[in-house]
Amino acid sequence: MKRYLALLAIIAMLSQNLLYSQKFQSLARTPPMGWNSWNKFGCDINEKIIREVADAMVTTGLRDGGYSYLVIDDCWQVARDSSGTIVADPQRFPSGMKSLGDYIHSKGLKFGIYSDAGTATCQGRPGSRGYEFQDARIYASWGVDYLKYDWCNHGKQNSEASYTTMRDAIFKAGRPMVFSICEWGTTKPWEWAKDIGHLWRSTEDIINCFDCNNYWGGNGVVQIIDLFKDIGSYTGPGHWNDADMLEIGNGVLTPAEERLHLSMWAMFSSPLMAGNDIRNMSRETIEILTNKEVIAIDQDSLGISAIRWMKYGDLEIWFKPLSKGEFAFCFFNRGSQPVTVNEDLKTTIRKYSIDGAFRIRDLWKHQDIGLTSENIKGTLLPHDVLMVRLYK
């Protein structure tokens, strides 16, 4: 009898794990969209800021534009109590994370949080190493919908094994969460992470600049674009190459560079996580972030990442197949001088054939500009972009 009961218990556990696995796999069928605290606030976060950001995600139209996850990055945690439970900073988050999560949910948003696969986070706060199942349970009890999981202070840990452990902990906790692997592309997560997380950082951290990098490996916008040239085949519904958070609205990129930034992230089907102070945005920043026609390219159900079709000096042309037999092209000028566009889009790219009957729609001007029966022509100013959708 005891063996029979034990067998039933094992069957029940396996059935439950299968159920949670199925729920986990059903998440992020299109790239997640939302806001993350790190790019603008770093460690200087608190409950007041997060509540105001939640309010602003509604009033600015970001939520209705698809930005649904509000993710609190590093520095919300300060210690573990005597039982090992992670403790949120009581001065900065006096109401507690459950209450804050409830407030975020009350705004029609989803609640995201941060931890690290190592013994400490990148800012020296307690990591989840050795506490994965305990942390996942407490996150579930707070109503967490999204976990960003970093890779600092990991010692000699194996990345695939470490992220698998936390994925299993999320299964066990019983609350499906989008699992964001932030391993910086160090061990090529696109080759192993498809069945472990929903998205994986494919680059070092983004820097708030158009064309630069620094000593620790951070990358500007065009450096990240270059890194995505050869990994597009690994992305698709439920598993995404992550080009990192957006720097739009953070005061360094020009409006043209910001349009290019969002355009190329959309072409890559990258998650779109705003990283600015959305409580204080210009109308221009709001219009860029909420451009529905560009966002639709990112959120296309096929989930195919763009390929670089052509390169003429500083002019690059990227191509992306879309659902319903449509296509997107993105022309951008990475140089410091204007470039001329004069391109025949009647072509065959891999298995996709484009005839002369497609209408061409400029996704930043929000207007049709011609047919593919004639060359697409124009001049691109430095660091500017022309993004079009082909449809019939």
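I need the full set of residues from the stretch 116-125 which are farther than 18 Å from G42 by Cβ and either among the hydrophobic types (A, V, I, L, M, F, W, C) or under 24 Å from the mean Cα position of the chain (by Cα) (or both), in order please.
Matches in the stretch 116-125: A117, G118.
Scan the stretch 71-87 for residues that are surrounded by fewer than 21 Cβ atoms within 10 Å (Cβ to Cβ) and either modelled with pLDDT under 95 or over 14 Å from Y131 (Cα atoms) (or both) and jot them down.
Selection gives V78 alone.
Do any helices (runs of 4 or more DSSP H) entirely within the stretch 207-303 hold 2 or more residues that are free of Cβ contacts under 8 Å to residues at least 40 places away in the same chain and within 17 Å of W35 (Cα to Cα), and if so, which?
255-267, 283-289
Within the stretch 62-112, how many residues are hydrophobic (A, V, I, L, M, F, W, C) and more than 29 Å from A28 (Cα to Cα)?
Qualifying residue count, the stretch 62-112: 2.
If only one of I104, I113, I45, I50 is part of a strand (DSSP E or B), surrounded by 14 or more Cβ atoms within 10 Å (Cβ to Cβ), under 21 Å from the mean Cα position of the chain (by Cα) and modelled with pLDDT of 95 or more, which one is it?
The unique qualifying residue is I113.
Among the residues of the stretch 161-219 satisfying the criterion of being closer than 14 Å to D145 by Cα and of a type outside the set (A, V, I, L, M, F, W, C), which is surrounded by the fewest Cβ atoms within 10 Å (Cβ to Cβ)?
Ranking the candidates gives G174 first.
Checking A266 against (1) under 25 Å from S336 (Cα atoms); (2) touching a Phe, Trp or Tyr at 6+ places or on another chain (Cβ under 8 Å); (3) crowded, with 24+ Cβ neighbours inside 10 Å; (4) not aromatic (F, W, Y), which single condition isn't satisfied?
Against the list (1) under 25 Å from S336 (Cα atoms); (2) touching a Phe, Trp or Tyr at 6+ places or on another chain (Cβ under 8 Å); (3) crowded, with 24+ Cβ neighbours inside 10 Å; (4) not aromatic (F, W, Y), A266 comes up short only on (2).
Could you look through the stretch 129-148, keep only residues that are in a loop (DSSP other than H, G, I, E, B) and in contact (Cβ under 8 Å) with a residue 40 or more places away in the chain, and pick out the one that is farthest from A79 (Cα to Cα)?
D145
Only one of these is closer than 25 Å to A136 by Cβ and without any contact (Cβ under 8 Å) to a residue 60 or more places away in the chain: V58, V87. Name it.
Exactly one of V58, V87 is closer than 25 Å to A136 by Cβ and without any contact (Cβ under 8 Å) to a residue 60 or more places away in the chain, namely V87.
For the stretch 133-152, what are the residues that are of a type outside the set (A, V, I, L, M) and within 23 Å of the chain's Cα centre (by Cα)?
D135, Y139, W142, G143, D145, Y146, K148, Y149, D150, W151, C152
The values are calculated or read from the model by the stated rules, or taken from the named source; none is laboratory data. Computed from a predicted model, the values in this text were never measured in an experiment. Note: ideal-geometry Cβ built from the backbone for every residue, glycine included; neighbour counts use all protein chains shown.
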